[in-house]
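*Asks:* This is the structure I want to talk about, given as C-alpha cells.
The values are calculated or read from the model by the stated rules, or taken from the named source; none is laboratory data. Owing to the predicted nature of the structure, the values given are computational and were not obtained by experimental measurement. All Cβ positions, even for glycine, are placed from backbone atoms using ideal geometry, and neighbour counts span all protein chains on display. Ligands, DNA and RNA are excluded from the accessible area calculation, which covers all protein heavy atoms including side chains. Shrake-Rupley method; radii C 1.70, N 1.55, O 1.52, S 1.80 Å.
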Amino acid sequence: MRIRDLNWLQLEEYLESDDRIVLPVGSTEQHAYLSLETDNILAERASVEAAEPLGVPVLPVLAYGVTGFTAYPGSPTLREATLLAVLSDIVDSLSGQGFARILVVNGHSGNTGAGEELARSRTPAVVWHELWDGRPDEIAAAIDPHYDHASWSENFSWTRLPGVAIPAERKPPVEWPENGNPETWREALGDGSFGGLYQRSAEDEKRVWEAAVQAIRDRLERWDATS
C-alpha cells in the first residue's frame, strides 16, 4: 500500500503489529525512447505490487540518483556522497519512528555504491535490494542475452510514452569511449540505448516483471536483515 493513501494515524496503528516499510529508489535520466522516469516508475511500481498483498507500506520513490547522463536534457545527478546522506537521513528518521526493517528497492545501478554503504552502516535495520538482480536477470538473459539500459528489458506499457514510436530493429552494442565523460558518452550512445532490441513481446516482458516483483515479495516475507 502506498503511504500516499494513508494518514499518520493509520500508519501509527500499522506499527503496532508490523515494523516493515519499503523505500523505492530510482533516477531521473534518459532512457532513449522511454520515459525519463523509467527507473523511478519501475522501482516504485514493483515495490507496490510486491508489498500490497502483505499489507506493507511503500514510500514515494526517491526520484534522483547518481547518473553519468547529464549531457542529456532532463537527467540531473546527485553526487554519491549526497545520495548516501539523503538515504541515511531518511532511514534514520524512519528508524526513530519505529520502522525496524526498511527494504530499499533500487532501480538504478548508479546508486549501488551509496546503497551498499548505507546497508553496511545501518545493519540490521536496512536491506538494499537491487530490482533486477538474481532471478529477473537470469530470466532476461535466457530470453535474450543482449539487453541493457533502455532496451527491451525496461520497455513496459508503463514506461512507454503515448505517440512515441519504438524502433523495431536491434541496435548494435555501444563502443564505449576510453575517455568516459557525459559528453563522450552521449556521442557514443546517440539515442541513449546501450544496444540490443528496443522491444520484445508482452509475454517476455511479463516473465521478467513477475520475477522482479516476486523477488521483492520473497524478501519481505522471509526477512533476513543480515544478508
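*Asks:* Identify the single condition in (1) of a type in the set (S, T, N, Q); (2) closer than 13 Å to E205 by Cα; (3) assigned to a loop (DSSP other than H, G, I, E, B) that S153 does not satisfy, given that it satisfies every other one.
*Replies:* The failed condition is (3).
*Asks:* Which residue, of W209, W152, is crowded, with 19+ Cβ neighbours inside 10 Å, more than 29 Å from R20 (Cα to Cα) and modelled with pLDDT of 95 or more? Please lay out each step first, then the result.
*Replies:* Details: W209 fails: more than 29 Å from R20 (Cα to Cα).
Only one candidate passes the filter, namely W152.
*Asks:* So, in the stretch 171-187, how many residues would count as being more than 25 Å from E37 (Cβ to Cβ) and in contact with a Gly (Cβ under 8 Å, 6 or more places away or on another chain)?
*Replies:* Of the residues in the stretch 171-187, 2 are more than 25 Å from E37 (Cβ to Cβ) and in contact with a Gly (Cβ under 8 Å, 6 or more places away or on another chain).
*Asks:* Here's a follow-up. For the stretch 117-141, which residues satisfy the criterion of being open to solvent by less than 40 Å² (accessible area, probe 1.4 Å) and closer than 21 Å to L34 by Cα?
*Replies:* E130, L131, P136, A140
*Asks:* Given the options L220, L197, L161, name the one that is modelled with pLDDT of 95 or more, surrounded by fewer than 17 Cβ atoms within 10 Å (Cβ to Cβ) and not polar (S, T, N, Q). Give the derivation first.
*Replies:* Details: L220 fails: surrounded by fewer than 17 Cβ atoms within 10 Å (Cβ to Cβ); L197 fails: surrounded by fewer than 17 Cβ atoms within 10 Å (Cβ to Cβ).
The conditions single out L161.
*Asks:* Among D144, D191, D204, which is the only one that is more than 23 Å from G26 (Cβ to Cβ), open to solvent by less than 80 Å² (accessible area, probe 1.4 Å), touching a residue at least 12 places away in the same chain (Cβ under 8 Å) and not hydroxyl-bearing (S, T, Y)? Step through it out loud before you land on a result.
*Replies:* Numbers: D191 fails: more than 23 Å from G26 (Cβ to Cβ); D204 fails: more than 23 Å from G26 (Cβ to Cβ).
Only one candidate qualifies: D144.
*Asks:* Only one of L87, L83 is open to solvent by less than 40 Å² (accessible area, probe 1.4 Å) and free of Cβ contacts under 8 Å to residues at least 40 places away in the same chain; which?
*Replies:* L83
Rundown of residues vs (1) open to solvent by 50 Å² or more (accessible area, probe 1.4 Å); (2) more than 17 Å from the chain's Cα centre (by Cα); (3) over 17 Å from V126 (Cβ atoms); (4) touching a residue at least 12 places away in the same chain (Cβ under 8 Å), yes/no style:
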{"residue": "E12", "(1), (2), (3), (4)": "yes, yes, yes, no"}
{"residue": "I21", "(1), (2), (3), (4)": "no, no, no, yes"}
{"residue": "A46", "(1), (2), (3), (4)": "no, no, yes, yes"}
{"residue": "V56", "(1), (2), (3), (4)": "no, yes, no, yes"}
